[in-house]
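Each reported figure results from applying straightforward, stated rules to the coordinates on display, with no laboratory input. Bear in mind the structure is a predicted one, so any value in this text is a computation, not a measurement. A quick note on method: Cβ atoms are made from the backbone with ideal geometry, for glycine too, and the neighbour counts reach across all protein chains shown.
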Amino acid sequence: MARVLAVGWGMADHGENLSLGEAHDLAFHLEMDRWNGRELPQILLLDIEKSVRKDLSGSEPVQLDLMIG
């Protein structure tokens, strides 16, 4: 399972709609987080909603460490 940091500035109200273990649809930009001499991939969230897709077979799960504010 891949693990990526996701940042959603100004999206605190979206945090109430998130549920662990459920699928969500994301709109995002992928960027490099360059800080203190290190570079790591990071997702900049634009929008997030519960997924309407019911059949997730064949999908590869990704764990996101979310920072929403």
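A few points about this structure:
- Within-10-Å neighbourhood charge of Pro41 [Cβ basis; K, R +1; D, E -1]: -3
- Treating each Cα of segment 19-60 as one equal point scatterer and applying the Debye formula with no solvent, the log10 of I(q)/I(0) at q = 0.31 Å⁻¹ comes out as -1.06.
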